[in-house]
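One structure below.
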Amino acid sequence: MIEIQIGEGDRIEWALKQFRRKMLRSGLFKDMKKKRFYEKPSEAKKRKAADARRRTARAKRRGR
């Protein structure tokens, strides 16, 4: 659960910005998008394989 402490004089815009930042850092947005629709096991395998290819290509470009 993500919590934001708001003081008496804090602005709502600041609180929303902090909330969004914490949501992005925790990975909740990505998880919510992933679980929005059912993903067949075969599609999940394809997605994971594509992610792995992307990671290895990125590591190769960075010289690791």
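Odds and ends about this structure:
- Only Lys, Arg, Asp and Glu carry charge here, each on its Cβ (+1 for the first two, -1 for the last two); on that basis the chain has a dipole of about 980 debye about its Cα centre.
- Dipole of the chain, positive direction: furthest Cα of 44, 18, 56, with charges on the beta-carbon: 56
- Degrees separating the helix 41-61 axis from the principal Cα axis of the chain, which is the longest one: 90 degrees
- Table column - 3J(HN,Hα) (Hz), segment 25-40, Karplus curve with 6.51, -1.76, 1.60, x for Gly and Pro: 5, 7, x, 5, 4, 4, 5, 5, 5, 5, 8, 5, 10, 5, 10, 5
Every read-out reported here was derived from the displayed coordinates using simple, explicitly stated rules and does not represent laboratory data. For clarity, every value in this text was computed on a predicted model and none was experimentally measured. Virtual Cβ from ideal backbone geometry, glycine too; neighbours counted across all protein chains shown.
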